[in-house]
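Participant: Would you mind keeping the following structure in view while I ask a few things?
The values are calculated or read from the model by the stated rules, or taken from the named source; none is laboratory data. Just so it is clear, the model here is predicted, and its values are computed rather than measured. Glycine gets a Cβ as well: all are built from the backbone with ideal geometry, and neighbour counts include every protein chain shown.
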Amino acid sequence: MRNLLIKRFFIRALSAAVLLAAVSGPVRAGPPVDINTAGLEELQTLPGIGPALARRIIEDREANGPFREPGDLSRVFGIGEGRYRQLQDLITAGQAGAPVRRADAGDRVNLNTATQSELETLPGIGPALARRIIDYREQEGGFKNTEDLVQVYGIGPKTYESLENRVTVYREALEEVVAPPRSHPPPSGPRDLKCWRCGHTFRVEESVTSGTCPACGAPWRAR
């Protein structure tokens, strides 16, 4: 009888341990997860973070800018203080809390010429947002100013605030090749234009005011 009671006790204890593991999720080993750069799969290695919560974390940082400290994660719907305490030793907020250096124009990322990988070096900009930035400039013929970034889906005022001193729109539109100043109007006829994206120079007739670059296919509109 005593052996039977002991056996039942161990069975119950084992069942409780299995249930606790199922609720808490797997124990994560390895370096802390950077909540400002981690993708869906990496976020899901955290206990209690499934696909839906991982997606909310990414959407929050895209809409509101990078998390300045790990505690900011509790602002995400579904996290809260309780779940954050479970995660606080397993996450980091990367370099978001470091002071931001005011970049010179030459150091900034050019929204009109940057590649996908260059755009992804910006804080809070992952592959999806970088692709949307490129799609926007191709559809609109380039960014006219940096404030146009908020027209890109997923970039809100807070994200723009974190990017404002990291981006530029230098040579944002198609440029006409600069000629020496003239004291009289230039003669009518074909003109040489330079592509805002690839820098290729090509000739168009005077009456043509829009089209695509023959080298890279970028859309353009004459000023």
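Participant: For a quick check of your reading of the model, give me the residue pairs whose first member lies in the range 124-138 and is closer than 12 Å to Ile155 by Cα and in contact (Cβ under 8 Å) with a residue 40 or more places away in the chain, whose second is crowded, with 18+ Cβ neighbours inside 10 Å and basic (Lys, Arg), with beta-carbon atoms closer than 6 Å and at least 6 apart or on different chains.
Facilitator: Gly124/Arg61
Participant: Out of the residues in the range 73-95 meeting the condition of being modelled with pLDDT of 85 or more and in a helix (DSSP H, G or I), tell me which one is surrounded by the most Cβ atoms within 10 Å (Cβ to Cβ).
Facilitator: Here the residue is Leu73.
One line per residue, one yes/no per condition, for (1) outside the structural domain of Arg137 (by TED's automatic domain parsing); (2) loosely packed, with under 11 Cβ neighbours inside 10 Å; (3) at pLDDT below 65; (4) under 17 Å from Arg137 (Cα atoms):
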{"position": "Val152", "(1), (2), (3), (4)": "no, no, no, yes"}
{"position": "Ser188", "(1), (2), (3), (4)": "yes, yes, yes, no"}
{"position": "Lys194", "(1), (2), (3), (4)": "yes, no, no, yes"}
{"position": "Cys198", "(1), (2), (3), (4)": "yes, no, no, yes"}
{"position": "Phe202", "(1), (2), (3), (4)": "yes, no, no, no"}
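Participant: Among (1) modelled with pLDDT of 85 or more; (2) part of a loop (DSSP other than H, G, I, E, B); (3) among the small types (Gly, Ala, Ser), there is one condition Ala128 misses while meeting the rest; what is its number?
Facilitator: Ala128 satisfies all of (1) modelled with pLDDT of 85 or more; (2) part of a loop (DSSP other than H, G, I, E, B); (3) among the small types (Gly, Ala, Ser) except (2).
Participant: Of the numbered conditions (1) modelled with pLDDT of 80 or more; (2) of a type in the set (Asp, Glu); (3) in a loop (DSSP other than H, G, I, E, B), Asp148 fails exactly one; give the number of that condition.
Facilitator: Single failed check for Asp148: (3).
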